[in-house]
1. What number of residues within segment A:98-109 are buried (at least 17 other Cβ atoms within 10 Å of the Cβ) and in a helix (DSSP H, G or I)?
2. Could we say that B:Thr18 is within 18 Å of the chain's Cα centre (by Cα), away from chain A (no Cβ under 14 Å) and farther than 30 Å from A:Trp81 by Cα here?
3. Restricting attention to segment B:76-84, does a residue exist that is assigned by TED's automatic domain parsing to the domain that holds B:Gly128, closer than 30 Å to A:Val86 by Cα and among the aliphatic types (A, V, I, L, M)?
4. Any residue in segment B:133-154 that is at positive phi, in the same structural domain as B:Cys183 (by TED's automatic domain parsing) and loosely packed, with under 12 Cβ neighbours inside 10 Å?
5. Among the listed residues B:Leu10, B:Leu72, which satisfies the condition of being more than 12 Å from DNA strand D (Cβ to nearest atom) and part of a helix (DSSP H, G or I)?
6. Out of curiosity, is A:Glu23 within 14 Å of chain B (Cβ to nearest Cβ) and near DNA strand C (Cβ under 10 Å from one of its atoms)?
7. If I ask for residues that are at pLDDT 95 or above and either more than 8 Å from DNA strand D (Cβ to nearest atom) or small (Gly, Ala, Ser) (or both), which ones from segment A:19-28 would you list?
8. Would you mind listing the strands (runs of 3 or more DSSP E) fully within segment B:176-219 where at least 1 residues are without any contact (Cβ under 8 Å) to a residue 12 or more places away in the chain?
Protein chains: 2
Amino acid sequence: MTSFTEENYLKIIYKLSTETESEISTNAVAELTQTKAASVTDMLRKLSDKQLVSYQKYQGVRLTSQGQAVALKVIRKHRLWEVFLVEKLGFNWDEVHDIAEQLEHIDSEELVQRLDEFLGFPQFDPHGDPIPDRHGKMPEFGYKNLSDIDPNQAVIMMGVAQHSVSFLQHLAKVGLNLGVDICVKEINDFDKSMTIKIGGEIDYFISNDVAKNILVKVY
Amino acid sequence: MTSFTEENYLKIIYKLSTETESEISTNAVAELTQTKAASVTDMLRKLSDKQLVSYQKYQGVRLTSQGQAVALKVIRKHRLWEVFLVEKLGFNWDEVHDIAEQLEHIDSEELVQRLDEFLGFPQFDPHGDPIPDRHGKMPEFGYKNLSDIDPNQAVIMMGVAQHSVSFLQHLAKVGLNLGVDICVKEINDFDKSMTIKIGGEIDYFISNDVAKNILVKVY
DNA sequence: AATAAATTTTAGACTAATCTAAAAATAAGT
DNA sequence: ACTTATTTTTAGATTAGTCTAAAATTTATT
C-alpha cells in the first residue's frame, strides 16, 4: 500500500520527470512538496526500499515503472475529479485544484472506473491536460506551445502548461479561454513577446512567459 | 482544524449517542474505532482540550454542541456521497460504505453545497438514513421499526437501522428493498419473530433481530 | 462491606512524517 | 587544483496516533 504522502511524492517526481530528461534533485522535490531537503532524503530511501523509485545517494532520483504506474493512477484520478467538479458541479477551472488534490487519494479502482464512465471517458481535463486511461496510457495529441507558432498562423487554444491561480485568472481577464481562436500577428525578436488576435476581436500583447504556457492546436 | 482521525472519533461518539441517553464508555468507542481502550483515552483527552467533547476520567464521554456540529458535517458528507455513488454512479447500496468512509473527510464547504444541489437536495441516503442540512438539522420523518408494527398493518419499507454487508445482502435475498410493501401477518409472542407478506407475494418468516432493523412508514 | 472482576487510565515505547543543526559530498570559481 | 559555495545526507528531536503491560478506579458478587 502507498500512503497519502508517498503518493504525493511520486506524483511530484513524475511531474518533474516530464520537464527534464535527467535525474530529479532532492531540492526540486523539496520545493514542490513544501518540505525540507532532509525530509525528502528520508522519503526517497523509503520509496527506494519499496522499489517505487531508483535512488542513489547524492545522485538524484528517478521513478521505476512501478512508481510511474502509481503516479499515473493518482494523476488519472486528479484529472477525472477535476472534470467532474467543472462539468457536473459547475466549478470554475481555477477553483478545482485544491479539492482534486484531496480527491485524488480516494482508494477504489471501481470508483475511478465508474466515474470515468459517468463523465463519458474524457480525454482531457478542464485545463487541457491529458487523462491517462486505466492502464496508464496518455491519449495522443499534437498540441504545441503558443510560443512556437509562426506569425499569421491561426490556432485554437486547447490547454495550459501551468496551473497557478494567478496565471489562470490572468488568462480569464484577457479572454484566453479553452477553445478560443488565436491568430499570431507579430513576434518581437529580442524578447519573443507577441501580439495576438483573440477570437477575431482585439489585438493583445502577451509575454513569452505567457505564450510558453498556452497549448494550441493548428488547424 | 479537526484531523481525519478526530473526525472519525466524533462520528462514532455521535452514533453511540443516538443509541443511548447515558454517557458513552471508552470501551464502546474502542470497539467501533477498531482501536484499544488506551488509545481512546488519549484521544478523548485531546478532543476534550479542543472542547469537542466533555469528558471526565472514568465517567465516559459526551459530545459538546461544537463536537456534534463537526460530527453532523461528517455524517452529512458521508450520506450525500452515498447518494452520489448509488444514484449517479450506479453502485449497489451495499457497496458504498467503504468509499463514503473516505469521501466524508474531503474538506470543502463549497463542494458539499454544490454536491447537495447536484443531487437535488436529497433528504435521505440510499439506506433511508436522514441527511442533515448544512446547519446540521435532520429532516423530520416519522418512521417506525418494523418490530413495533401491529398485525395486519400494511406499511412501506423506508430504511434500515443497520448497515453491515451481511444484513443488507440478507435483505436483498429475501426481497426486502426500499419502497416495498410489507404487511405483518402474525407475531409470535415468545420471541417476537413475525410472519410478513412482501409486496403482496409470499409469506416470509423474520426474526425480531431483523425486524428491529427495518424502518417503515405507515400509510 | 470486602473481595473479585471488569473497565479505564497511566507509563513507556513504536511508526510515519516532519523539523533543525551539523557533517559530508558534489559543484563552481578563481 | 584548491578553496568556496551549494546541495545533500546524517543525527537527533518532535508530533499524531497507536500499542502493551501495569496501575488505578469503578462495578459486581458473594
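The values are calculated or read from the model by the stated rules, or taken from the named source; none is laboratory data. Fair warning: this is a prediction, and the values are worked out from it, not measured in the lab. With ideal geometry, Cβ positions are generated from the backbone for all residues, glycine too; neighbour counts draw on all protein chains shown.
1. Residues that pass the stated criteria total 4.
2. On the way: within 18 Å of the chain's Cα centre (by Cα): yes; away from chain A (no Cβ under 14 Å): yes; farther than 30 Å from A:Trp81 by Cα: yes.
Yes, satisfied.
3. Yes, segment B:76-84 has at least one match.
4. Yes, there is a match, as at least one residue in segment B:133-154 is at positive phi, in the same structural domain as B:Cys183 (by TED's automatic domain parsing) and loosely packed, with under 12 Cβ neighbours inside 10 Å.
5. Values: B:Leu10 fails: more than 12 Å from DNA strand D (Cβ to nearest atom).
On inspection, the qualifying residue turns out to be B:Leu72.
6. Values: within 14 Å of chain B (Cβ to nearest Cβ): no; near DNA strand C (Cβ under 10 Å from one of its atoms): yes.
Answer is no for this residue.
7. Taking segment A:19-28 first, the residues at pLDDT 95 or above are A:24-28.
Of everything in segment A:19-28, those that are at pLDDT 95 or above and either more than 8 Å from DNA strand D (Cβ to nearest atom) or small (Gly, Ala, Ser) (or both) turn out to be A:Ile24, A:Ser25, A:Ala28.
8. Numbers: elements: B:181-187, B:194-198, B:203-206, B:214-218.
Fully inside segment B:176-219 and qualifying: B:194-198.
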